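**Q** One structure is given below, represented as C-alpha cells, and several questions about it will come after.
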Amino acid sequence: MDATTMASKNLVGRLAHDFPHLAFTADEVFFWSPRLQSVFYGPIKTEDDHRTLLHETAHGLLGHENYEHDVELIRIEREAWNKARELAPIYGINISDAHIETALDTYRDWLHSRSLCPTCRQTGVQESESAYTCLLCHIEWRVNDARNCGLKRYLARP
C-alpha cells in the first residue's frame, strides 16, 4: 500500500474515531448526507481530496441540512470551509484562502448559470427552490438540481 493510500485510510480512520456520531462511507464522490448522517468520500489520491473530505466532515459537524434558496448554499459552503480550516491543523492539512475561494467559485458559477434567463440571458430572481423569474422579459423557468449532473432550465408553461 503506498503512502498516499495509507495516509488516506489513516485520515478517514482518525475522523471516524474523533467524530463517532458521523458515519464515513466510501463512494465515487464526496458529499454530506444529512438524512444518513454520513460523509461519503471518493478515492483519496491528492491533498485536495483530503481537504474535500475535511470539508464534507465539517458539513456534518455543523449539522447542515438541505437549503431552499441559492444564497443559503453559499452560506453553508462558506461555513463548512471555515470549519474545515479550523480543523485542518489537527490533521496536518493546509487549506488556503485561495483554495476556499476557488471551491466557492464553482458554486457561484453554478448558481449564476441557474439564474440566467433562458430567453434574454439576464439574471433572474429566485422565487422558490427551483423556480426563477426574469425581471426584464418576465419569463419564468425552472431548474433541476444539477450539482452532480448537467444543468437544465425549463421554461414555465402558462
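Here, each number is a calculation from the coordinates, and none is a lab measurement. As the structure is a prediction and not an experimental result, all values here were calculated from the model. A quick note on method: Cβ atoms are made from the backbone with ideal geometry, for glycine too, and the neighbour counts reach across all protein chains shown.
**Q** Measure nothing but the geometry: give the 0 to 90° angle between the long axis through the Cα atoms of 97-115 and the longest principal axis through the Cα atoms of the chain, rounded to 10°.
**A** The two axes meet at around 30 degrees.
**Q** If you build a Gaussian network model of the chain, linking Cα atoms that sit under 10 Å apart, which residue out of PHE30, PHE19, PHE40 swings the most?
**A** Judging by the Gaussian network model, the answer is PHE19.
**Q** If you don't mind, another one. Roughly how many whole Å is it from the C-alpha centroid of the range 23-72 to that of the range 107-124?
**A** 26 Å
**Q** Another question about this same structure. Any idea how far apart ALA98 and ALA23 come out in nm if each label point goes 7 Å out from Cα toward Cβ?
**A** 3.9 nm
**Q** If you place +1 on the Cβ of every Lys and Arg, -1 on the Cβ of every Asp and Glu, and leave all else neutral, what size is the dipole of the chain about its Cα centre, to the nearest 20 Debye?
**A** Working: 17 positive and 23 negative charges, 69 e Å.
Result for the chain is approximately 340 debye, rounded to the nearest 20.
**Q** Which angle from 0 to 90°, rounded to the nearest 10, does the C-alpha axis of helix 47-61 make with the longest principal axis of the chain?
**A** The angle comes out at about 80 degrees.
**Q** Report, to the nearest 10°, how far helix 3-18 tilts away from the longest principal axis of the Cα atoms in the chain, using its own Cα long axis and a range of 0 to 90°.
**A** Helix 3-18 sits at roughly 80 degrees to that axis.
**Q** Could I have the simple spin-label model distance between ASN66 and ALA131, label points 7 Å from Cα toward Cβ, reported in nm to one decimal?
**A** Taking the simple label geometry, ASN66 and ALA131 are separated by 1.6 nm.
**Q** Something else about it: Which residue, ARG114, ARG75, ARG51, tops the fluctuation ranking in a GNM of the chain built on C-alpha contacts under 10 Å?
**A** Looking only at ARG114, ARG75, ARG51, the biggest GNM fluctuation is shown by ARG75.
**Q** Residues in the range 66-101 near a label at LEU111, defined as backbone nitrogen under 11 Å from the 7 Å Cα→Cβ point?
**A** Counting backbone N atoms under 11 Å from the label point, the list is 68-79.
**Q** What FRET efficiency do you get for ILE139 and ARG78 if R0 is 30 Å and r is their Cβ-Cβ distance, rounded to the nearest 0.05?
**A** 0.45
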